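Below is one structure; the comments refer to it alone.
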Amino acid sequence: MNRTRERASNAVPKDSLVNMGLPEFAFVHVRGNKPGERIGVAERGELGYKQSQRDMPNENEAQVEARIEMLNTDLGVTKAQRMAMEAGSMWGWHVPGANPKVWMD
């Protein structure tokens, strides 16, 4: 795990996160990590991510993105939900980007 998972000090109640339409977890792109460590799992309401074993070291960034989209689609997680989960896990669940509505076209 590259970043410690911790509870946000300005945590948003989990019920609110569920009401915003956030899934329990989503696969996210961990930019800047070395190949083999670029796919993480963000959990609703938690800061940071868990490392997944889903990244293939020989894949380029576009292939990693495609793999993340496929994994999330299999879970029923939309692109907007995934982007919100990335933002919330990195910057806190109180930021506007942690709401999937911000990412909808």
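Any read-out appearing in this document is the output of simple, stated calculations on the displayed coordinates, not a laboratory observation. Computed from a prediction, not measured in an experiment: that's the story for all the values here. Cβ coordinates were reconstructed from backbone atoms using ideal geometry, including for glycine residues, and neighbour counts include every protein chain displayed.
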Going by the conditions given, is Val77 in a loop (DSSP other than H, G, I, E, B), in contact with a strand residue (DSSP E or B) (Cβ under 6 Å, 6 or more places away or on another chain), of a type outside the set (Phe, Trp, Tyr) and in contact (Cβ under 8 Å) with a residue 40 or more places away in the chain? yes
Residues in the range 80-105 that are closer than 12 Å to Gly21 by Cα, surrounded by fewer than 22 Cβ atoms within 10 Å (Cβ to Cβ) and among the charged types (D, E, K, R) total 1
Across the range 37-74, the tally of residues that are aliphatic (A, V, I, L, M) and free of Cβ contacts under 8 Å to residues at least 12 places away in the same chain stands at 3
With criteria (1) outside any helix (DSSP H, G or I); (2) more than 22 Å from Met20 (Cβ to Cβ); (3) free of Cβ contacts under 8 Å to residues at least 24 places away in the same chain, Asn33 comes up short on (3)
